[in-house]
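Written below as structure tokens is the structure these notes are about.
The values are calculated or read from the model by the stated rules, or taken from the named source; none is laboratory data. Bear in mind the structure is a predicted one, so any value in this text is a computation, not a measurement. Don't worry about glycine lacking a Cβ; one is built from the backbone with ideal geometry, like all the others, and counts go over all protein chains shown.
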Amino acid sequence: MKTAWAFWDFGSAAFNAVLVTFIFSVYLTDSVGSQIDAGQTPSFYYSIALAVAGAAIALVAPVMGQRADAHGTRRRSLVVWTLVTIALMACLFLVRNDAPVWFWVGITVMAVASVIFEFAEVNYFAMLNQIATRATVGRTRASAGRSATSAESWCCCCASCSLSPGRAGSSACPPTAG
């Protein structure tokens, strides 16, 4: 179970790194959002959507976690919420930059996916006491997080450098072959 727990940690961190922060959010606000005709910037609307999602998470996640604990459905809930998150991530593939409506679809899917992802994380973190003792809980979480973070950082750096030609050769990116 420790291995599965660590793999979920590794895979799930890509949601925040790739979609919410570095790659898809930039595509959504800079490319897709460039076509909207509104009083504010696309980044403003993206921020509002994620703020509303954050408020929903703060209000609903504790109740969801308590219900999963009371009914003994943490593992099943983790699987269900993870699969829904994956489906929503796949839906983002359909977001194009040829009409303003896709910006609104994109931020809506991102907000809903953020809420669903956090529902999965509630159950994931609740399972920590099943795979670690009080004495090893910090080490278990840190070792899973450390291996995931270093691998994801490397992958995200390489992806962002290859997708952003202007960044290649900067101090954040490895030098490109001539």
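If only residues of the range 21-76 that are touching a Pro at 6+ places or on another chain (Cβ under 8 Å) and small (Gly, Ala, Ser) are counted, the one that is farthest from Val109 (Cα to Cα) is Ser34. Candidates Ile48, Ile116, Ile107, Ile57: the one that is free of Cβ contacts under 8 Å to residues at least 24 places away in the same chain and within 30 Å of Ser34 (Cβ to Cβ) is Ile48. Just checking, does the range 34-43 include any residue being in a helix (DSSP H, G or I) and hydrophobic (A, V, I, L, M, F, W, C)? No, the conditions are met nowhere in the range 34-43. The residues on offer are Ala6, Ala51, Ala17, and the sole one that is modelled with pLDDT of 85 or more and either β-branched (Val, Ile, Thr) or surrounded by 14 or more Cβ atoms within 10 Å (Cβ to Cβ) (or both) is Ala17. When the range 65-83 is filtered for residues that are surrounded by fewer than 17 Cβ atoms within 10 Å (Cβ to Cβ) and of a type in the set (A, V, I, L, M), the ones remaining, listed by number, are Ala70, Val79, Val80, Leu83. Among residues of the range 60-88 that are more than 22 Å from Ala6 (Cβ to Cβ), those with a Cβ under 6 angstrom from a residue that is of a type in the set (Asp, Glu), sequence gap 6+ or separate chain, pair up as Ala61/Glu118.
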